[in-house]
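The values are calculated or read from the model by the stated rules, or taken from the named source; none is laboratory data. Note that the structure is a prediction, hence the values are computed from the model and not measured. Ideal geometry is used to build each Cβ from the backbone, glycine not excepted, and the neighbour counts take in all protein chains shown. All accessible areas refer to the heavy atoms of the entire protein, side chains included, with ligands and DNA or RNA removed. Shrake-Rupley method; radii C 1.70, N 1.55, O 1.52, S 1.80 Å.
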Amino acid sequence: MSTASARIRAYPGFGIVALLCLVLLYAPLLVVMVYSFNDSTSITQWGGFSLRWYKEVFTGVEAAKFKVAAWNSISIALMATIAATTIATSAAIGMTRGGLWRGKAASFALINLPIMVPEIVTAVATLIFFSAIGFKTGYLSILLAHIVFCIPFAYLPIAARLQGINSSFEEAAIDLYATRWQAFRYVLLPILLPGVISGALLAFIISLDDFIITNFVKGAGIETLPTAIFGAVKQGIKPNIMAISSLMLLVSVVFVTVSWWIGRTGNKPGDT
Amino acid sequence: MGRGVAVALSHVRKQYGSATALHDVSLTIHDKEFFTLLGPSGCGKTTLLRIIAGFESVSDGTVQLHGKEIADLPANARPVNTVFQQYSLFPHMSVTDNVLFGLQMRKVPAAKARQRVKAMLELVQLEDFAQRMPAQLSGGQQQRVALARALAPEPEVLLLDEPLSALDLKLRQAMRIELKQIQEEAGITFIFVTHDQEEALTLSDRIAVMSAGAIQQVGTSHDIYESPVNRFVADFIGESNLLESRVLAHDKHQLTCALPGGAEVQAQLSDTSIELPVGSSGYVCVRPEKLRLLLATDQRNGVLQGVVGRHIYLGTDTQLVVHLPDGQRVQLRCQNAQQNAQLPEPGERVSLDIEPGSARFVSH
Amino acid sequence: MAGFNPGNNASGGSVFADMRHRLLMPSWITIGVLLVIPVLLMLVYSFLTKEFRGGVIWEFSLAAYDQFFFDRGLFGDEPVKIEWTYLTIFARSIVQAALATFFCLLIGFPTAYYIATRPASTRAFWLFMITVPYWVNLLIRTVSMKFLIRDTGPLNHWLMQAGILSEPLHLINTNIAVQLGLFYSYLPFMVLPIYASVERFDFALLEAANDLYAKRWTAMRRILIPVVKPGIIAGCILVFVPSLGAFLAPDLLGGAKNFMIGSLIEEQFKGSAGNWPFGAAASMILLSLVLLVLMFYARSDARSAR
């Protein structure tokens with residue numbers, strides 16, 4: 001890039017705005033993270049470095065409650081991810097490999113409906129549905145709602161990657177006497193895998209993080225991590241909440257990093 | 001040719017919605033033949049290949065492989081393999097695993113399959129690359145793996161979809177020779193699709209020239225170049241001078257035709273399936289290298305008179321454009337090797353002769 | 001997430017083409033049964049009679065919509081007036097969502113442009129930094145914001161220590177706090193789609209404009225912005241739609257006086273004060289607003305694709 005063309009591209013002040021953007025995005029998170037190591041019980045006064053709040057998360061009076069909530073969150077997220085990713089992979093192949101047909105746009109809209117409908121509306125509708133058919137709200141109702149909500153999040157990265165994969169790979173497999181299942185299992189799936197993993201990671205995080213829908217359909221007596229945190233925050237922000245938040249932040253960072261790494265190593269299928 | 005029939009297409013039609021990709025195509029391809037489908041993009045050659053492979057269905061007509069009807073057979077049940085345009089080597093498998101794939105799908109016993117893979121890699125001279133991944137190979141090497149992979153399951157017919165088009169010029173020329181050798185060694189029928197006429201002329205036993213979803217002419221390289229049956233083939237293959245003309249007299253397929261300027265010329269009707277009555281209009285087709293420039297020392301007039309236009313220097317020879325009095329133009333080639341290559345200057349009047357027996361008449 | 005349009009794959013006749021219905025069936029059934037039918041059921045519920053312990057009585061009634069739009073006095077016998085309580089909540093939500101979209105665009109566009117013009121190595125770092133908050137739990141981000149800005153929080157503490165303020169700034173439980181929360185929640189949603197379209201922008205066009213005597217900002221207004229408009233619109237939708245139905249930011253940062261649609265709806269389904277038909281009606285009105293916005297988007301998208 002010549003300096004002249006760099007000058008034409010550069011707009012004064014944009015760099016400062018970008019920096020400001022980063023500061024705005026990270027300031028609250030960093031503050032909470034720093035204060036989670038605060039030894040003082042008064043959460044604003046700095047009383048020196050300590051891990052006592054982390055210890056409290058795992059051994060304190062609320063530890064059992066959070067442990068159960070965390071287990072619910074993780075097990076629901078795992079199952080919802082497996083179901084949603086499977087459904088999304090199948091749908092992505094149907095959409096990108098199905099050629100042109102009437103109803104394709106409608107099908108696309110349907111698959112993405114859970115993203116387009118405001119979350120609170122989905123929550124209300126799901127609650128009404130379970131109540132109308134007499135389905136007992138609880139673990140299973142949360143799981144079902146999460147599967148639906150996660151489908152488009154898993155779908156988008158998978159479909160994006162499929163579009164970059166030339167359909168002659170499957171044709172080559174079929175040409176070499178593979179059945180369609182074998183062509184999928186041994187050829188298309190391995191090439192598609194980075195997209196499937198990205199989709200699954202996104203679905204997992206979306207399920208793990210969901211508060212609004214879960215809050216509506218969970219019924220009494222069951223909590224996930226976000227609903228438990230929300231309940232605790234309603235009583236006031238205590239230091240152990242900041243410790244839990246920091247831990248969840250760490251989980252998110254790990255997930256983005258893994259997804260990032262997969263996206264970069266598995267780039268451009270068949271581009272040799 | 002005295003060989004068995006490998007592939008027979010009869011009255012094949014392919015319709016995409018309201019668009020017709022292939023109109024009534026009938027074709028017979030012999031055993032162990034190197035057969036080429038040649039034509040511009042969109043002429044239907046790839047569609048025809050995909051129909052034989054089983055990736056497209058026919059709207060009408062029959063497809064036979066060694067006498068068996070296969071039009072309703074899915075691609076994975078046809079003993080036919082394809083070399084794809086972009087090779088489509090499985091990027092997550094080594095060279096060996098790529099070549100092994102078809103054998104595994106056919107449940108060939110492991111020991112026998114290993115042996116076959118080894119033989120195939122020897123055939124394409126890639127024994128040392130067996131454990132490489134496709135991304136670690138050059139374009140030409142990938143091309144050869146694709147060939148080995150498609151040949152490994154011993155298909156009855158091998159289909160090649162513009163396999164050389166992704167290679168650069170030098171490599172493409174080298175691969176041509178190799179491809180021909182491999183075909184002869186493997187001893188199976190190759191059906192080759194290309195838009196490159198030079199490739200088609202040098203490789204093929206026979207060529208089918210296609211245009212607009214129909215076959216225009218089937219013949220050997222020599223037939224197609226020397227005796228194009230219609231205007232499209234004459235124009236598409238090599239360079240041609242097409243001069244508007246009329247039939248003055250005929251003796252079977254030997255015609256006497258009028259040339260611009262009034263002279264007459266003997267031209268052969270290449271399309272022996274038709275008869276043209278006296279008075280039919282069409283074109284006399286003469287290749288540029290079959291036109292001869294008459295020098296002043298020749299002391300006579302040729303069949304065409306005109307004025308020299310431009311010279312274009314082409315290395316081995318020089319192309320000359322000559323304007324005829326009625327506004328048509330002809331091109332001719334003069335070899336630069338000739339010692340006395342004193343070419344006429346632009347604007348000079350010249351007289352041209354057609355090499356006897358080289359003129360052809362095409363009707364449309 | 002930027003594109004709502006079906007992808008066009010040039011390879012039409014794939015080997016999976018004739019089983020597309022079987023491949024799509026699981027997603028159609030799951031979403032159809034667990035989302036489309038529920039939304040239709042919600043529409044039905046909005047026309048039913050409320051049951052006082054939550055739930056409904058299966059009797060047709062327009063009471064929910066009547067309550068939303070009209071005020072008939074405490075005993076229903078006064079002259080009909082327009083009910084402003086809920087319309088005000090909706091208006092506040094729309095204004096808040098629109099402002100959040102505006103602020104996100106104000107910060108998000110220069111950021112996205114700046115990132116897209118970085119060399120590949122630093123660009124990856126910037127993108128990573130923008131992506132992380134997008135993946136962090138929204139609840140945790142909102143709680144963090146609340147912690148930071150509350151009266152006894154670190155922000156006020158530092159500002160007073162530095163002598164800028166003499167008494168704490170009362171941000172919590174104001175509309176400004178809600179706005180800050182919405183802006184903060186959805187800022188990454190603005191940056192990423194704009195980045196995606198600026199990244200594909202051919203910068204030679206700016207050089208051409210420059211060559212044709214366009215000044216820097218003219219070139220941006222006349223060349224860059226029209227070309228990357230699909231990304232800008234996608235970003236605006238991705239901020240506006242969730243802001244409109246947001247629950248966490250208004251609930252945690254706004255308190256009782258700064259209700260938005262989300263809190264209003266939530267209230268109808270919690271405890272004995274609930275009114276399911278009214279909550280369903282409010283959800284239907286919210287959904288209609290969102291569908292209107294999406295239709296506008298689909299139309300502008302179709303026009304720009306032409």
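Of all residues in segment A:228-245, which are at the interface with another protein chain (Cβ under 9 Å from one of its Cβ atoms) and assigned to a helix (DSSP H, G or I)?
Within segment A:228-245, A:ILE229, A:PHE230, A:VAL233, A:LYS234, A:ILE241, A:MET242, A:ILE244, A:SER245 qualify.
Look through B:VAL117, B:VAL83 and report the one residue that is within 14 Å of another protein chain (Cβ to nearest Cβ), β-branched (Val, Ile, Thr), assigned to a helix (DSSP H, G or I) and open to solvent by less than 40 Å² (accessible area, probe 1.4 Å). Step through it out loud before you land on a result.
Working: B:VAL83 fails: assigned to a helix (DSSP H, G or I).
Testing whether each residue is within 14 Å of another protein chain (Cβ to nearest Cβ), β-branched (Val, Ile, Thr), assigned to a helix (DSSP H, G or I) and open to solvent by less than 40 Å² (accessible area, probe 1.4 Å) leaves just B:VAL117.
Could you tell me which numbered condition B:LEU89 fails, if it satisfies all but one of (1) touching a helix residue (DSSP H, G or I) at 6+ places or on another chain (Cβ under 7 Å); (2) in a loop (DSSP other than H, G, I, E, B); (3) open to solvent by 20 Å² or more (accessible area, probe 1.4 Å)?
Result: B:LEU89 passes all but (3).
Return the pair list, or none, for Cβ contacts closer than 7 Å from residues in segment B:134-161 that are over 17 Å from B:MET105 (Cα atoms) to residues that are in a helix (DSSP H, G or I) and open to solvent by 10 Å² or more (accessible area, probe 1.4 Å), at least 6 apart or on different chains.
B:PRO134/B:GLN142; B:LEU137/B:PHE129; B:GLY139/B:LEU171; B:GLY140/B:LEU171; B:GLN141/B:PHE129; B:ASP161/B:THR46
Just to check your reading of the model, which residue among A:PHE129, A:PHE184, A:PHE149, A:PHE153 is open to solvent by less than 50 Å² (accessible area, probe 1.4 Å) and farther than 30 Å from C:SER263 by Cα?
Only one candidate passes the filter, namely A:PHE184.
Which residues, taken from segment C:147-173, are within 26 Å of C:LEU192 (Cβ to Cβ) and either more than 7 Å from chain A (Cβ to nearest Cβ) or of a type in the set (Gly, Ala, Ser) (or both)?
Answer for segment C:147-173, where residues must be within 26 Å of C:LEU192 (Cβ to Cβ) and either more than 7 Å from chain A (Cβ to nearest Cβ) or of a type in the set (Gly, Ala, Ser) (or both): just C:ILE149.
Report, ordered by the first and then the second residue, all pairs with beta carbons closer than 6 Å, sequence separation of six or more or different chains, a first member in segment A:18-42 that is without any contact (Cβ under 8 Å) to a residue 40 or more places away in the chain, and a second member that is assigned to a helix (DSSP H, G or I) and β-branched (Val, Ile, Thr).
Listed by first residue and then by second, the contacts come to A:ALA18/C:THR111; A:CYS21/C:ILE107; A:CYS21/C:THR111.
Is it the case, given these coordinates, that C:GLN67 is under 27 Å from the mean Cα position of the chain (by Cα), more than 9 Å from chain A (Cβ to nearest Cβ) and over 30 Å from A:ILE206 (Cβ atoms)? Before you say what the answer is, go through the steps one by one.
Numbers: under 27 Å from the mean Cα position of the chain (by Cα): yes; more than 9 Å from chain A (Cβ to nearest Cβ): yes; over 30 Å from A:ILE206 (Cβ atoms): yes.
Yes.
Quick one: which residue in A:TRP101, A:TRP46, A:TRP53 is in a helix (DSSP H, G or I) and open to solvent by 10 Å² or more (accessible area, probe 1.4 Å)?
A:TRP53
Scan segment A:149-174 for residues that are of a type in the set (A, V, I, L, M, F, W, C), free of Cβ contacts under 8 Å to residues at least 60 places away in the same chain and more than 9 Å from chain C (Cβ to nearest Cβ) and report the count.
Result for segment A:149-174: 1.
Restricting attention to segment C:249-296, report how many residues are facing chain A (nearest Cβ under 9 Å), of a type in the set (S, T, N, Q) and more than 20 Å from the chain's Cα centre (by Cα).
Result for segment C:249-296: 1.
For segment A:96-113, give me the residue count where each residue is more than 16 Å from the chain's Cα centre (by Cα), touching a residue at least 24 places away in the same chain (Cβ under 8 Å) and under 12 Å from C:TRP28 (Cα atoms).
Final tally of qualifying residues: 2.
Which of the helices (runs of 4 or more DSSP H) contained wholly in segment C:224-306 include at least 3 residues that are in the same structural domain as C:PHE147 (by TED's automatic domain parsing)?
Helices (runs of 4 or more DSSP H) meeting the threshold: C:225-244, C:261-268.
Among C:ALA234, C:ALA209, C:ALA196, C:ALA249, which is the only one that is in contact with a Leu (Cβ under 6 Å, 6 or more places away or on another chain), buried (at least 17 other Cβ atoms within 10 Å of the Cβ) and not basic (Lys, Arg)?
So the residue among C:ALA234, C:ALA209, C:ALA196, C:ALA249 that is in contact with a Leu (Cβ under 6 Å, 6 or more places away or on another chain), buried (at least 17 other Cβ atoms within 10 Å of the Cβ) and not basic (Lys, Arg) is C:ALA249.
Do we find that B:GLU199 is within 19 Å of the chain's Cα centre (by Cα), surrounded by 15 or more Cβ atoms within 10 Å (Cβ to Cβ) and touching a residue at least 12 places away in the same chain (Cβ under 8 Å) in this structure?
So B:GLU199 fits the description; yes.
Here is a check on your reading of the model: is B:ARG149 more than 12 Å from chain A (Cβ to nearest Cβ), open to solvent by less than 50 Å² (accessible area, probe 1.4 Å) and at pLDDT 90 or above?
Judged against the criteria, B:ARG149 is not a match.
Which of the following residues is within 30 Å of A:ILE165 (Cα to Cα), in contact (Cβ under 8 Å) with a residue 12 or more places away in the chain and in contact with a helix residue (DSSP H, G or I) (Cβ under 9 Å, 6 or more places away or on another chain): A:MET116, A:MET79?
Just one listed residue meets the conditions, A:MET79.
How many residues does segment C:82-116 contain that are at the interface with chain A (Cβ under 8 Å from one of its Cβ atoms) and open to solvent by less than 20 Å² (accessible area, probe 1.4 Å)?
Summing the residues that are at the interface with chain A (Cβ under 8 Å from one of its Cβ atoms) and open to solvent by less than 20 Å² (accessible area, probe 1.4 Å) in segment C:82-116 gives 5.
Residue check, A:ALA88 against (1) open to solvent by less than 40 Å² (accessible area, probe 1.4 Å); (2) more than 30 Å from C:MET25 (Cβ to Cβ), all met but one. Which one?
A:ALA88 satisfies every listed condition except (2).
Which one is most open to solvent (accessible area, probe 1.4 Å), of the residues in segment C:118-146 that are hydroxyl-bearing (Ser, Thr, Tyr) and without any contact (Cβ under 8 Å) to a residue 40 or more places away in the chain?
C:SER121
The conditions are (1) at the interface with another protein chain (Cβ under 8 Å from one of its Cβ atoms); (2) in contact with a helix residue (DSSP H, G or I) (Cβ under 8 Å, 6 or more places away or on another chain), and A:ALA92 fails exactly one of them. Which is it?
The single condition A:ALA92 does not satisfy is (1).
Working carefully through the options B:ILE207, B:ILE177, B:ILE182, find the one that is among the β-branched types (Val, Ile, Thr) and either open to solvent by 10 Å² or more (accessible area, probe 1.4 Å) or within 14 Å of chain A (Cβ to nearest Cβ) (or both).
Just a single option satisfies the conditions, and that option is B:ILE177.
Among the residues of segment A:112-148, which ones are at the interface with another protein chain (Cβ under 7 Å from one of its Cβ atoms), β-branched (Val, Ile, Thr) and touching a Leu at 6+ places or on another chain (Cβ under 8 Å)?
A:VAL117, A:ILE120, A:VAL121, A:THR122, A:THR126, A:ILE128, A:ILE147, A:VAL148
Looking at B:ASP72, B:ASP128, B:ASP168, B:ASP97, can you tell me which residue is open to solvent by 10 Å² or more (accessible area, probe 1.4 Å) and either touching a Cys at 6+ places or on another chain (Cβ under 6 Å) or within 14 Å of chain A (Cβ to nearest Cβ) (or both)?
B:ASP97
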